[in-house]
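Written below as structure tokens is the structure these notes are about.
The values are calculated or read from the model by the stated rules, or taken from the named source; none is laboratory data. Small disclaimer: the values here were computed from a predicted structure and weren't measured. When the accessible area is computed, the model is the full protein with side chains, heavy atoms only, and any ligands, DNA or RNA have been set aside. Shrake-Rupley method; radii C 1.70, N 1.55, O 1.52, S 1.80 Å.
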Amino acid sequence: VQLVESGGGLVQPGGSLRLSCTASVMSSYDYTNIGWFRQVPGAEREGVSCTSKFNTMYSDSVKGRFTISRDNAKRIVYLQMNDLKPEDAGIYYCAAVGRSDYCSLLPRRYYYWGQGTQVTVSS
């Protein structure tokens, strides 16, 4: 299973970006939990948002600004990021695990990881 992130870049504070996470062939994708995580130098990887067949979750820092969605037919999960702040910057990774339960923002709950895409928020 391969995950490929795209959509990162440089944006001014208050701007928007949409990240995409595309999965290679994966059985029962509908039941695959997908998470988005952010990492900055010197810090642990932190959960930003996740989606499963049963729920979606957001970290407190992004609630109301970020929206996660998925297109199961295309095996893509999107993270729409609005009103970006400098503290949103970092490398964004998507991760996947095939399990039919609620998704989690804990990195250890995921098995497959992408290579990451850089998000920079600066004026």
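Below, the figures for the structure above:
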{"quantity": "Dimensions (Å) - the chain, Cα atoms, principal axes, largest first", "calculated": "42, 26, 24"}
{"quantity": "Residue-by-residue Karplus 3J(HN,Hα) for the stretch 81-90, coefficients 6.51, -1.76, 1.60, Hz, glycine and proline x", "calculated": "10, 10, 6, 5, 10, x, 6, 7, 5, x"}
{"quantity": "Accessible area (Å², per residue) of the chain, counting only protein heavy atoms and a probe of 1.4 Å", "calculated": "52"}
{"quantity": "Candidate lysines for bridging to K74, where Cα separation is under 20 Å - those fewer than 8 sequence places away on the same chain excluded", "calculated": "K53"}
{"quantity": "The chain: relative contact order in percent, alpha carbon pairs under 8 Å with at least 6 residues between", "calculated": "38"}
